[in-house]
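S.K.: Sharing a structure here in structure tokens format.
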Amino acid sequence: MEKRERIFERYVAFLLRHRFKVLFLIVLTTVFFGYRASQLKIATDFVSFYPPGHPFIKVYNEYRNMFGSANVLVTAVEVKEGDIYNWETLGKIDRITSEMLTIKGSNPAQLISITHPKLKNVEVTGYGIVMQPMIHSGMKRDETGLRQVKQNIYGNEGVRGFYVSPDDKSAAIFAGFWEEGGSPQNLYAKMQEIKKRESDANHIIHFTGYPALYAYIYSLAPQIYLVLCITFFVITGLLYYFFRTWQGVVFPLVSAAMSAVWGLGFASILGYPLDPLVLVVPLIITARAISHAVQCMSRYNEEFLRLDDKNEAIIKGYGELFTPATLSIITDGLGLLLISVATIPLMRQLGFFCSFWIITIVVSVPTLSPILLSLVRPPQRKILEKSIQAGFYRKIARLLSKPSNGRSKYAVLSLIICIIFVGGYYSLQLKVGDTEAGASILFPHHPYNESFRFFNDNFVGATQLVILVEGEEEGAIKDYDTLKAMEEFQIHMERKGGAAGTLTFNNMIKRVYRMFHEGNPKWEMLPTDPNHLSQIGFIIRNSAAPGEMDQWLDYSWTNATITCFYKNYNNQLIKESIRGAEDFIEQNKVEGVKFRLAGGLLGILYAVNQEVEYSYWVSLIVVFTAVFLLCALTFRSFVAGIILIIPLLVSQILSEVFMLIYGIDLNINSLPVAAIAVGIGIDYGIYLLSRVSEEYAVTRDYTESNYRAIETTGRAIIFTATTLIAGVIFWLFVDIKFQAEMGLLLGLLMLLNMVNALVFIPTLVNIFKPQFVTKQ
């Protein structure tokens, strides 16, 4: 270790000799990354949420034009008094339907409501069987016309419950939005414009669905920016309280800013946008940079008081901490890089650019900070002595040093064993996916969740699962056995698959066939005669505009869709619905066609949840293994790796138990947050164990070495933990539930990692007295 320290001391001395050249290169590189960072977009790329290798996503992408987008905005027009059968309300429904076409990213083929021409009424007239829109221009705008509208809606299966509530007091408008090219800000502005224009004393406008969810999230951006500003000022105040010097405030912030510019610039170079829901990850990385800067500067201050020579103190302080600092940074970066084992593009993007961001701390702290310190006067000794003797952090450090001594250390060991086994059992109960629709992102009282509950209370559901019926040859759908299998699938999904309702092309076929028999309701069935099917197909195609039927059936009658509607999309319902569909497909083979899963929001979420579950456990195993091996190699001891991993494992288990109790969902947004927490914990352990080894070389006593390490390095650890907690705690006051929960979870993790490192590592060193400490 001594030889290694001399090497890094020579590196720091080299930096001081060539400080202006090195500083020029750093500034030049920062300007370049700063220019690229200015071009970074804060946006949500929905396609990056989808794991491209999953079978469901492959089917979705292959038949995307038929499925439509999984992002469906659902609008409901509610009438307080009376029902929707008045021309004022119908006018509002028609205006809102037309307005959807003007919103950026909308898919016209997915737009449907009772005023849209796509929704047809089938009837017999003097001209034969005709299909007309539910509400068309030939209707008189009087009571006679309203009676006709009501008759049309009541007379066609698949309208009431889907587009009109059973109590006739509200109507639904479905509008699909492509994942690419949409603008949540534009959508939010349109939603507010529609609400302001169409709401009145007797009408309420509701918006729900994934596009509305992200529109509301973007509308809360000012709160996020305010939190970032408050966090900056609080961290600045804490730095001043800890160091009592301007250098102690400015230099850590400069180091963090440099790494942030490089990291964000790198993301822009790779073409990655920054999703607002994962902004907490860059924030915590920035806080990590400040944490490393605090550790190194604290050591510099100690050495300056001892040596009374600025340059020697820089060389000695940063040289001695170069190994633990670099190891901590590499383990942090590796932990984030290994998020990219996930097949979800968003996770890979985060893994790549955030790991690069972390690695830049090697430049911003142990490389840039010594140069900056060499350019300014050292702080006054009196101020440094006062800051080091600061009572608050020293008292906490002394308090946390007590459990590792005497008999209490065995109680601590028993607690570790208990948490690992008992807590580990409960942590395995953690479920992947949303426990309740919409509630994982926004608070229950938010208008989005209130609208979601309203829609599902009054309609068959806002969430869709789309199944493709794929024909092996042209015209495969125009077959009685195929259509009958589709009908049986609908019945199965409503009875055993959890669907509140289903829609297929069969609804229209049966309605037309009924008209073959003068509208007699008993003939509303699937025709068995192929000639009748051909006639029905001819009538439908001649009555529909190009593209109107593509959502249910392609032009050649080769492929069709079955849409199942659900009132929720929690983890359990998603699994049950897919299991129900798979059971039917397995037990009912149909010649000439295949039932393929799956599109719609439920199909996408099932694929995403499967990948998140796989990625979470695999990334945790890989990260823990990599961290263990790195620590073991650095300290040249497997025992050291075990001692460092145990506090980390305890913190991870306790955080998962907390998520389970508190109801925090493990989903695509929380996965990177959970992964980054691993790196936070290992930093504390590496710095502390390195200091224990250094102090043992002087004291030759484990207990005294632990005590000295906690009073010096431990004090800095306590401060960095409080700084990191301050960096996330204000997220609790944002109206985005996910951000508030992540702030709470990260705050808890940082507290646990700090306490566990300062209590468990000295305890394990005292009990097992590892030989690597003496060798170091």
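S.K.: Any idea which of (1) at pLDDT 90 or above; (2) closer than 30 Å to Gly603 by Cβ; (3) crowded, with 20+ Cβ neighbours inside 10 Å is the one Asn71 doesn't satisfy?
M.R.: Result: Asn71 fails condition (1) only.
S.K.: Report yes if Ile718 is open to solvent by less than 50 Å² (accessible area, probe 1.4 Å), β-branched (Val, Ile, Thr) and modelled with pLDDT of 85 or more, otherwise no. Lay out the reasoning, then the answer.
M.R.: Details: open to solvent by less than 50 Å² (accessible area, probe 1.4 Å): yes; β-branched (Val, Ile, Thr): yes; modelled with pLDDT of 85 or more: yes.
Against the criterion (open to solvent by less than 50 Å² (accessible area, probe 1.4 Å), β-branched (Val, Ile, Thr) and modelled with pLDDT of 85 or more), Ile718 qualifies.
S.K.: Go through the stretch 196-230 and report how many residues are part of a helix (DSSP H, G or I) and among the acidic types (Asp, Glu). I'd like the intermediate steps shown before the answer.
M.R.: To start, the set of residues in the stretch 196-230 that are part of a helix (DSSP H, G or I) comprises 196-198, 210-219, 221-230.
Okay, now just the ones that are also among the acidic types (Asp, Glu), so 198.
So the count comes out to 1.
S.K.: Another question, if that's okay. Would you point out which residue out of Leu620, Leu573, Leu602 is at pLDDT below 80 and part of a helix (DSSP H, G or I)? Working first, answer last.
M.R.: Working: Leu573 fails: at pLDDT below 80; Leu602 fails: at pLDDT below 80.
On inspection, the qualifying residue turns out to be Leu620.
S.K.: Looking at Gly181 and the list (1) surrounded by fewer than 20 Cβ atoms within 10 Å (Cβ to Cβ); (2) within 19 Å of the chain's Cα centre (by Cα); (3) not in a helix (DSSP H, G or I), which single condition is not satisfied?
M.R.: Result: Gly181 passes all but (2).
S.K.: Test Ile173 against the criterion of being in a strand (DSSP E or B), open to solvent by less than 60 Å² (accessible area, probe 1.4 Å) and of a type in the set (Val, Ile, Thr), and give yes or no.
M.R.: Values: in a strand (DSSP E or B): yes; open to solvent by less than 60 Å² (accessible area, probe 1.4 Å): yes; of a type in the set (Val, Ile, Thr): yes.
Considered against the rule, which asks whether it is in a strand (DSSP E or B), open to solvent by less than 60 Å² (accessible area, probe 1.4 Å) and of a type in the set (Val, Ile, Thr), Ile173 comes out as yes.
S.K.: Applying the selection to the stretch 228-242, what residues are open to solvent by less than 10 Å² (accessible area, probe 1.4 Å) and either of a type in the set (Gly, Ala, Ser) or at pLDDT 85 or above (or both)? Spell out the reasoning first.
M.R.: In the first step, residues of the stretch 228-242 are kept if they are open to solvent by less than 10 Å² (accessible area, probe 1.4 Å); the result is 231, 239, 242.
Passing the criteria: Thr231, Leu239.
S.K.: For the condition open to solvent by 10 Å² or more (accessible area, probe 1.4 Å), more than 34 Å from the chain's Cα centre (by Cα), at pLDDT 80 or above and not aromatic (Phe, Trp, Tyr), what is the one hit in Lys775, Lys769? It would help to see each step written out before you state the result.
M.R.: Details: Lys775 fails: at pLDDT 80 or above.
Just a single option satisfies the conditions, and that option is Lys769.
S.K.: Out of everything in the stretch 9-63 that is of a type in the set (Asp, Glu) and either open to solvent by less than 30 Å² (accessible area, probe 1.4 Å) or part of a helix (DSSP H, G or I) (or both), what residue ends up being nearest to Leu605 (Cα to Cα)?
M.R.: Narrowing the stretch 9-63 to residues of a type in the set (Asp, Glu): 9, 45, 62.
Next, only the ones that are either open to solvent by less than 30 Å² (accessible area, probe 1.4 Å) or part of a helix (DSSP H, G or I) (or both) stay: 9, 62.
Working: Glu9: 53, Glu62: 17 Å.
If we take residues in the stretch 9-63 being of a type in the set (Asp, Glu) and either open to solvent by less than 30 Å² (accessible area, probe 1.4 Å) or part of a helix (DSSP H, G or I) (or both), then Glu62 is nearest to Leu605 (Cα to Cα).
S.K.: Give the residues of the stretch 285-319 that are of a type in the set (D, E, K, R), open to solvent by less than 30 Å² (accessible area, probe 1.4 Å) and over 27 Å from Phe356 (Cβ atoms), sorted by residue number. I'd like the intermediate steps shown before the answer.
M.R.: Start the filter on the stretch 285-319 by keeping residues that are of a type in the set (D, E, K, R), which leaves 288, 299, 302-303, 306, 308-310, 312, 316.
Then drop every residue that is not open to solvent by less than 30 Å² (accessible area, probe 1.4 Å), which leaves 288, 299, 303.
Across the stretch 285-319, the qualifying residue is only Glu303.
S.K.: Taking the residues in the stretch 552-565 that are in contact with a strand residue (DSSP E or B) (Cβ under 6 Å, 6 or more places away or on another chain) and in a loop (DSSP other than H, G, I, E, B) as candidates, determine which candidate is nearest to Ala70 (Cα to Cα). Even if it seems obvious, please write down each step before you answer.
M.R.: Applying the first criterion (in contact with a strand residue (DSSP E or B) (Cβ under 6 Å, 6 or more places away or on another chain)) to the stretch 552-565 yields 552-553, 558-565.
Pick out the ones that are also in a loop (DSSP other than H, G, I, E, B) and you get 552, 558.
Numbers: Trp552: 15, Thr558: 22 Å.
Ranking the qualifying residues of the stretch 552-565, first place goes to Trp552.
S.K.: Are any residues in the stretch 509-559 of a type in the set (D, E, K, R), in contact with a helix residue (DSSP H, G or I) (Cβ under 9 Å, 6 or more places away or on another chain) and under 16 Å from Gly128 (Cβ atoms), and if so, which ones?
M.R.: Filtering the stretch 509-559 down to residues of a type in the set (D, E, K, R) leaves 510-511, 514, 518, 522, 524, 529, 541, 548, 550, 554.
Filter once more, so that each one left must be in contact with a helix residue (DSSP H, G or I) (Cβ under 9 Å, 6 or more places away or on another chain): 510-511, 514, 522, 524, 529, 550, 554.
Answer for the stretch 509-559, where residues must be of a type in the set (D, E, K, R), in contact with a helix residue (DSSP H, G or I) (Cβ under 9 Å, 6 or more places away or on another chain) and under 16 Å from Gly128 (Cβ atoms): Arg511, Arg514.
S.K.: Starting from the stretch 323-350, take each residue that is farther than 25 Å from Phe49 by Cβ and touching a residue at least 40 places away in the same chain (Cβ under 8 Å) and list its partners that are among the β-branched types (Val, Ile, Thr) and not in a helix (DSSP H, G or I), counting only C-beta distances under 9 angstrom and pairs at least six apart or across chains.
M.R.: Ala325/Val365
S.K.: A follow-up question, please. Only one residue in Lys150, Lys140 is open to solvent by 60 Å² or more (accessible area, probe 1.4 Å) and modelled with pLDDT under 90, so which one is that?
M.R.: On the way: Lys150 fails: modelled with pLDDT under 90.
The conditions single out Lys140.
S.K.: A further question follows. For the stretch 725-739, what are the residues that are open to solvent by 10 Å² or more (accessible area, probe 1.4 Å) and within 17 Å of Ser219 (Cα to Cα)?
M.R.: Matches in the stretch 725-739: Phe733, Asp735, Lys737.
The values are calculated or read from the model by the stated rules, or taken from the named source; none is laboratory data. Since the structure is predicted, the reported quantities are computational estimates derived from the model, not experimental observations. For neighbour counting, all protein chains shown are included, and Cβ atoms are generated from backbone atoms with ideal geometry for every residue, glycine included. These accessible areas exclude ligands, DNA and RNA; they are computed on the full protein's heavy atoms, side chains included. Shrake-Rupley method; radii C 1.70, N 1.55, O 1.52, S 1.80 Å.
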